[in-house]
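The values are calculated or read from the model by the stated rules, or taken from the named source; none is laboratory data. Being a predicted model, the structure only gives us computed values, none of them experimental. Don't worry about glycine lacking a Cβ; one is built from the backbone with ideal geometry, like all the others, and counts go over all protein chains shown. Surface accessibility is based on the protein's heavy atoms, side chains included, excluding ligands, DNA and RNA. Shrake-Rupley method; radii C 1.70, N 1.55, O 1.52, S 1.80 Å.
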Amino acid sequence: MFHLIVRARKDAKALQYINERNYGGFLKVSSLGGGRTLEEVEGPLRELLDEPYVPILLLGEAEGELMEEALAVLEESGKPFHARLLRTKRVRNMRVDELHSNIEEIKARFRLGIEWKNAYALNPENPLGIEIHPDYDIYLAMGEGFRRAMRSILGVEIGENSLVLRKLMNLEVYYSGPHRVAEVSKRLGSPVEVLWRIPSTEAVPLERIIELNRGYIEAFAEASRAFLRRFEGHDIVVPWSGGKDSTAALLLASEVFDDVTAVYIRMEYEMPGTDEYVEETARRLGVDVIRVDVPMPLDRYGVPTHSNRWCTRLKVEALYRAASEFEKPLLVVGDRDGESARRRLKPPVLERRNDVLGRFLEVMPVKFWSGLMVQLFLLMRGIELHPLYYEGFYRLGCTVCPSLSDWEVRLLKKREREGS
């Protein structure tokens, strides 16, 4: 989670309104007490930087000199941060919608900004010039299987551990080293298409990527753990699909709470390898898993479609029945901003109500992370990703999911041909 820091209490009040309206009040907002010089604000600033949330310093144009002096203190902290001078004289003078847009763009910078240091290093200042958009995501194309699939299906050569910028409509830009080498459309309902390619590849060592980003990832992990600690006293239930995001949520929950239960809703047409991955990863994490098998009567309802995703209803109902066995369940889910605009617009904590559970909370500890951050966090903890990610998949679901792209359908057919 993020810590919004401003100079004056009136500025903090303006931000707190946005925090309550858009983020459920679960960001932290603080002022520096109104001081106008570094001497007056340095003490409060250092105290705020000792807190676990990731800092964002926002000042108005009239406070430019204070910003220049405060940057040294922010850099000295060693934490990821972003500092911005807004275009209005004071923070509180900016229109609410424009101030909110600034916050959304800054949040995106933390997960998308990259610096090239003979490997990819997360940096919200974004020296590499990655296109920043609140609904974009980035991830690593890892594994020889991923590279083979790109070569055999699309005729595109990518380097070892390429960076992928995932834009709207499943448009992906591939980087090999610091250079863009291909753009591929994986739009749902359309054939996968290579829009352009450049014959240039560069191997980027995964070990160096991990080491360059270790402090950055640990800072975000500590912020997420601090967020989760606010919910002590609940029964911790993690809906776990075996995908990277729910696995990261499960790992974070297990680092905070002594008693964590994962619920694996096993749909009839599950992706290959998921059963084995869940079993092995649960053993490594030492968490209890409740497995619920859900049949999918295609003969009765037909193949799921975007307008009739009856399978999702069956899956959610099974999850709620499993969670109802707990007295005070807290659902820790792996939703992230970069997955879709719909998920980005949700606050990090939702209060839900239904006939099975009554009133309950759903919390999202990796909401502000990118796919890259999730990948690195798991690998830093010695947890391998689901094998399908190393073959070219961005997301996991069922083999009859209406959200499968032509690219993912081709990957599944490729596995069948190769007998994988």
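A few remarks follow.
- When Tyr139, Tyr269 are compared by accessible surface with a 1.4 Å probe, the order from highest to lowest is Tyr269, Tyr139.
- For the range 12-105, dividing the convex hull volume of the Cα atoms by the residue count gives 92 Å³ per residue.
- If only the Cβ of Lys and Arg carry +1 and only the Cβ of Asp and Glu carry -1, the dipole of the chain around its Cα centre is close to 1220 debye.
- Compared with the dominant Cα axis of the chain, that is its longest principal axis, helix 371-380 is turned about 80°.
- All other residues whose Cβ lies under 10 angstrom from that of Met380 are scored, Lys and Arg at +1 and Asp and Glu at -1, for a net of 0.
- Protection proxy ranking of 367-379, 397-409, 108-120 - average other beta-carbon atoms within 10 Å, highest first: 367-379, 108-120, 397-409
- Principal axis dimensions, the range 173-246 - Cα atoms, whole angstrom, descending: 55, 36, 17
- The long axis of helix 310-323 is offset from the longest Cα principal axis of the chain by roughly 70 degrees.
- Solvent-accessible area per residue, Å², over the range 131-284 with all protein chains present [probe radius 1.4 Å]: 39 Å²
- Straight-distance crosslink candidates among lysines, where the alpha carbon sits under 28 Å from Lys117 and sequence neighbours closer than 8 are dropped: Lys79, Lys107, Lys167, Lys244, Lys367
- Diffusion of the range 68-170 by Stokes-Einstein, at 10 °C in a medium of 1.306 mPa s and with Rh set to the Kirkwood radius over alpha-carbon pairs, works out to 98 µm²/s.
- For the chain, share of DSSP beta bridges that run antiparallel, in % to the nearest 5: 50 percent
- The sum of -39500 (n - 2.57) across all DSSP H runs of n ≥ 4, divided by the residue count of the chain, sets its helix-only mean residue ellipticity at 222 nm to -11500 deg cm²/dmol.
- With every protein chain in place and a 1.4 angstrom probe, the accessible-area ranking of Leu86, Leu195, largest first, reads Leu195, Leu86.
- Protein heavy-atom surface of the chain, 1.4 angstrom probe: 46% of the accessible area is carbon and sulfur, with nucleic acids and ligands not counted.
- Packing rank of 198-207, 159-168, 76-85, where each peptide gets the mean count of other beta carbons within 10 Å, highest leading: 159-168, 76-85, 198-207
- Each Lys or Arg adds one and each Asp or Glu takes one away; over the other residues whose Cβ falls under 10 Å from the Cβ of Pro55, this sums to +1.
- Once both labels are positioned 7 Å from their Cα atoms along Cα-to-Cβ, the gap between Lys117 and Glu280 label points is 3.2 nm.
- Remark on Val238: its backbone amide H falls under 5 Å from those of Thr261, Ala262, Val263, Val332, a criterion applied only to residues 5 or more positions apart or on other chains, H modelled at 1.01 Å from N.
- The range 122-240: proportion of alpha-carbon pairs further apart than 23 angstrom, %: 43 percent
- Antiparallel beta bridges, as assigned by DSSP with both residues in the range 267-368, represent about 65 percent of the total such bridges.
- Neighbour net charge for Val292 - beta-carbon separation under 14 angstrom, K R +1, D E -1: -3
- Cα gyration tensor shape for the range 1-64, rounded if a/c is under 1.5, else prolate or oblate: oblate
- Fraction of alpha-carbon pairs over 18 Å apart in the range 267-420 - percent: 69 percent
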